[in-house]
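Everything below concerns the one structure shown next.
The values are calculated or read from the model by the stated rules, or taken from the named source; none is laboratory data. Owing to the predicted nature of the structure, the values given are computational and were not obtained by experimental measurement. Here the Cβ positions follow ideal geometry from the backbone for every residue, glycine too, while neighbour counts run over all protein chains shown. All accessible areas refer to the heavy atoms of the entire protein, side chains included, with ligands and DNA or RNA removed. Shrake-Rupley method; radii C 1.70, N 1.55, O 1.52, S 1.80 Å.
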Amino acid sequence: MSRESVRPETMLLVDQSRCVGCHACETACKMENDVPPGPRWIEVVEHETLDTAGNVVLTFLPLNCRHCGDAPCIRACPTLALTRGELGLVNLAVERCIGCGECLFACPFGAPQFGEDRIMQKCHGCLERRSQGLPTACEQLCPTQALKSGTPRELSHHARGARAAAVASRQG
Amino acid sequence: MQAAEVWSRHTELVIMWGCNATGAGIHQDVCYLFEAMERGARLIVVDPIVTAIASKADVHLRPRPSTDAALALGMINHIVSLGLEDRDFIDRYTYGYEELQAEARKWTLERTEQVTGVPAALVAQVAEDYATHRSMIECGYGHQRYTNGHQAQQAIAALAAVCGHLGQPGAHCNYMEVGAGYAGLLNSGKVQNPAGAQIKKSRLINISLFGQAMREAVDPPIKGVIKWRGTMITQHQDARRVIEAVKKLDFLVSIDQFPYDDTDYSDLVLPACTMYEQWGVHPSYRHQYLQLQVPVVDPQYESMPDIDFWAELGRRMGYGEYFPKDYTGLDWLKELLPPDFPFEQAMHPNGPIRLPERFCHPIPNWDGKYNTPTGKIELHATAYDERAKRFPGEWDPVARYVPSAESAEGDPELARRYPLLLISQHPGTRTHDQFLNLPYIKEIEGPPKAMLHPDDAAARGIQEGDRIRIYNDRAESFVLAHVTRKVLPATMELDSGNWIREGGNVNQLIHQRVAGPRDVGHGVMEEYDFQLDGHTTPFFNLLVEVEKA
Ligand code: SF4
Ligand code: SF4
């Protein structure tokens, strides 16, 4: 088995403390890629839990393809339809896909989608937009700025900066 | 409201009261709120339902529906009993404090807990935190959708006044104030009643009693209606009665974008432009910015911009001088807006403009001036005393808690037969009943569902996903059950805006009734002051029973 471990050069950071489950990212993705109702390249999943004090709390998780650095779907695909592409994104060659669903079974996020033709489709990471230096479509439309695309280094820098600011404001 | 870029920087605590900001207005100030919170500000949400914004809060208070006035009075009493009120502010800027205090004194923490269901310790904690921090209150419509909604709003505003949390950066109490600034900016008088036109004052029909009033109006009777930019049937209380009234009309014209309940009963349906096909102005409820809406596509098929329809109608009725031919939507906007309005900037995709300071100060009441008869914050509303001389009603000038009409406390008799109070939130994925026809929206929403507490569901043998019948003496609605702790026991939720023709409409279950102090009879009025007389409709005073369908 060839394990493939290229570090992705672009990622999408999901800030769950900001996501409010409005589904705007889903709409943005549909518009950008002309995806009909049915397959959802990004889907926001709501979860209801009780916190330690017994309060009911909702959490929201926008789930798209994470373009994993060591992608189980690439390993699972028998026709080599899934490969590592530009900017480190996991690329799908539709013409090679036979719609067997192995990627879906392997993916921890349920990211691979199947349309009416039963051929796989999924988030391509807005490769074209990213190459032009633009944010992904979902990032651009998110009204709470819960989504942020960038390299792992940039996203780490961003998250650490926010953390430092929060700590500073608590001390100040 | 206070400018978002001011309060978000200065406030230490925000109370979102009856305000589902994330579901119905996410574009308005949620980002600013998150910035304030990331800076360290605390968030308190008051809402019987677990919304997304409630899930982000440090403390979520879940009062029983329609008991908000009791909660606010309980907080005031606790604050005063600890001496945390702002004496200096009260003396300088308020009128009627003693009367308020006498009312608040009845609300011990124990009684507040008894009525609202919010634990006394939590009421005390939030009251103390609110009083001792630089605090904002952001009000929505939630607590106002009851017959006692005006009292709730008055009590909440009184809470801010008692603590002196007004008129300073990061301290304010906002309730839909944009109207004033926006109305100042727009010269609508000039457009609605141009010089020389001499348009006579006409009767007014109360929106809450629409179905009834349409039939009661006799002098002259209402025979025809042109219905435009609003829903007459789907969104009105007791929608079935509205349908009866509509059937008696000689002529109903709907200007709409797609077929639904309203168009089913129309003699003529004129295709309306979407907002993408015509000019418009976009202000906000919660921030001080405004944008011009620029058409990005031509009117599709036979649709036309609303203004073109009305202007053409005016010309055909012989009033051509007031409706110049070839006047575009932009020309009309130029009549509405001041000559120095920065059109270019307001049209730019990245360029909303701030409402000019003369209409809308970044810090309202910064000068300690209040636009009331006494010039002070009226904890005793003298304007109510004046209204009481002219109109019947329940003009209690001081905030107090009165159980609301159709609720367990307000109508125990009815509550025995219909024990569940049904709240209808605005759907988060649409604008009221609009866009329900879109498969893209249906994909996200799924079929219409009503929320039901696990205890209530178990008592009726209802499980998640079951088809249920929600009913009372007025109507029945059929939807799927969503069994969830997001609602309190004895409370249900069904989003507004589902079409009657699809079976899941909530409004047909609601009684036709007005909220607010004024008794408007059958709803045909000569005069109406929306800020004093009412302002909202008691959509949530609604008792139902539910069973497996
Ligand atoms: S489809 Fe799933 S496994 Fe493959 S890269 Fe995307 S998230 Fe990872
Ligand atoms: S657009 Fe942003 S806030 Fe809305 S669901 Fe998506 S990630 Fe969450």
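Computed values, structure above
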quantity	calculated
Pair list, Cβ under 8 Å, 6 or more apart: region A:132-157 residue at positive phi and more than 16 Å from ligand 1 (Cβ to nearest atom), other residue open to solvent by 20 Å² or more (accessible area, probe 1.4 Å) and acidic (Asp, Glu)	A:Gln145/A:Asp15
One residue from A:Glu46, A:Glu32 being touching a residue at least 40 places away in the same chain (Cβ under 8 Å), among the acidic types (Asp, Glu) and under 30 Å from A:Ser17 (Cα atoms)	A:Glu32
Residue match in region A:111-118 (condition: within 11 Å of ligand 1 (Cβ to nearest atom) and at positive phi)	no
Index of the failed condition, A:Arg84 passing every other in (1) charged (D, E, K, R); (2) closer than 30 Å to B:Tyr32 by Cβ; (3) within 16 Å of the chain's Cα centre (by Cα)	(2)
Residue that is farthest from B:Pro65 (Cα to Cα), among those in region B:415-435 that are within 14 Å of chain A (Cβ to nearest Cβ) and part of a loop (DSSP other than H, G, I, E, B)	B:Phe435
Qualifying helices (runs of 4 or more DSSP H) (wholly inside region B:1-65; at least 3 residues being within 9 Å of chain A (Cβ to nearest Cβ))	B:26-38, B:52-55
Meets criteria (in a helix (DSSP H, G or I), under 14 Å from A:Ile42 (Cα atoms) and within 16 Å of ligand 2 (Cβ to nearest atom)) for A:Cys138	yes
Some residue of region B:518-533 being in contact with a His (Cβ under 8 Å, 6 or more places away or on another chain) and either touching a residue at least 24 places away in the same chain (Cβ under 8 Å) or not in a loop (DSSP other than H, G, I, E, B) (or both)	no
Lone qualifier among A:Pro39, A:Pro72 - being surrounded by fewer than 20 Cβ atoms within 10 Å (Cβ to Cβ) and away from ligand 1 (no atom under 12 Å from the Cβ)	A:Pro39
Residue within region A:46-67 that is aliphatic (A, V, I, L, M), more than 13 Å from every other protein chain (Cβ to nearest Cβ) and open to solvent by 20 Å² or more (accessible area, probe 1.4 Å) present	yes
Residues that are more than 27 Å from B:Thr263 (Cα to Cα) and among the basic types (Lys, Arg), drawn from region B:437-477	B:Arg460, B:Arg467
Members of region B:489-500 found to be under 15 Å from B:Arg241 (Cα atoms) and surrounded by fewer than 19 Cβ atoms within 10 Å (Cβ to Cβ), listed by number	none
Subset of region B:194-239 [at pLDDT below 90, surrounded by fewer than 17 Cβ atoms within 10 Å (Cβ to Cβ) and within 23 Å of the chain's Cα centre (by Cα)]	B:Arg229, B:Gly230
Verdict on A:Val94 being free of Cβ contacts under 8 Å to residues at least 40 places away in the same chain and within 13 Å of another protein chain (Cβ to nearest Cβ)	no
Among (1) over 18 Å from the mean Cα position of the chain (by Cα); (2) surrounded by fewer than 17 Cβ atoms within 10 Å (Cβ to Cβ); (3) away from chain B (no Cβ under 12 Å), the one test that A:Cys77 misses	(2)
Candidate set: region B:36-83, residues that are β-branched (Val, Ile, Thr) and either out of contact with any strand residue (DSSP E or B) (no Cβ under 8 Å at 6 or more places or on another chain) or not assigned by TED's automatic domain parsing to the domain that holds B:Gln153 (or both); chosen: the one surrounded by the fewest Cβ atoms within 10 Å (Cβ to Cβ)	B:Val80
Answer residue from region A:19-36, given it is open to solvent by 50 Å² or more (accessible area, probe 1.4 Å) and at the interface with another protein chain (Cβ under 10 Å from one of its Cβ atoms) and is nearest to B:His426 (Cα to Cα) among those	A:Thr27
Members of region B:439-488 that are among the hydroxyl-bearing types (Ser, Thr, Tyr) and either away from chain A (no Cβ under 13 Å) or in a loop (DSSP other than H, G, I, E, B) (or both)	B:Tyr471, B:Ser477, B:Thr484
Filtered residue count, region A:145-172, keeping only those that are at pLDDT below 95, open to solvent by less than 30 Å² (accessible area, probe 1.4 Å) and within 11 Å of another protein chain (Cβ to nearest Cβ)	1
Only listed residue being in the same structural domain as B:Pro63 (by TED's automatic domain parsing) and touching a Lys or Arg at 6+ places or on another chain (Cβ under 8 Å), chosen from B:Asp91, B:Asp86, B:Asp129	B:Asp129
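Yes/no per residue for (1) touching an Asp or Glu at 6+ places or on another chain (Cβ under 8 Å); (2) at pLDDT 95 or above:
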| position | (1), (2) |
| --- | --- |
| A:Pro8 | no, no |
| A:Ser17 | no, no |
| A:Asn33 | no, yes |
| A:Glu43 | yes, yes |
| A:His47 | no, yes |
| A:Leu58 | yes, yes |
| A:Pro62 | yes, yes |
| A:Ile74 | yes, yes |
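So that you can scan it fast, the table gives a plain yes or no per residue for (1) within 16 Å of ligand 2 (Cβ to nearest atom); (2) among the β-branched types (Val, Ile, Thr); (3) in a loop (DSSP other than H, G, I, E, B); (4) over 30 Å from B:Ile53 (Cα atoms):
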| position | (1), (2), (3), (4) |
| --- | --- |
| A:Val44 | yes, yes, no, no |
| A:Leu61 | yes, no, no, no |
| A:Cys68 | no, no, yes, yes |
| A:Cys73 | no, no, no, yes |
| A:Leu87 | no, no, no, yes |
| A:Asp117 | no, no, yes, yes |
| A:Ser149 | yes, no, no, no |
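Per-residue answers, yes or no, for (1) free of Cβ contacts under 8 Å to residues at least 40 places away in the same chain; (2) surrounded by fewer than 16 Cβ atoms within 10 Å (Cβ to Cβ):
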{"site": "B:Lys334", "(1), (2)": "yes, yes"}
{"site": "B:Pro339", "(1), (2)": "yes, yes"}
{"site": "B:Asn350", "(1), (2)": "yes, yes"}
{"site": "B:Pro364", "(1), (2)": "no, no"}
{"site": "B:Glu386", "(1), (2)": "yes, yes"}
{"site": "B:Ser404", "(1), (2)": "no, no"}
{"site": "B:Ala408", "(1), (2)": "no, no"}
{"site": "B:Arg417", "(1), (2)": "no, yes"}
{"site": "B:Glu445", "(1), (2)": "yes, no"}
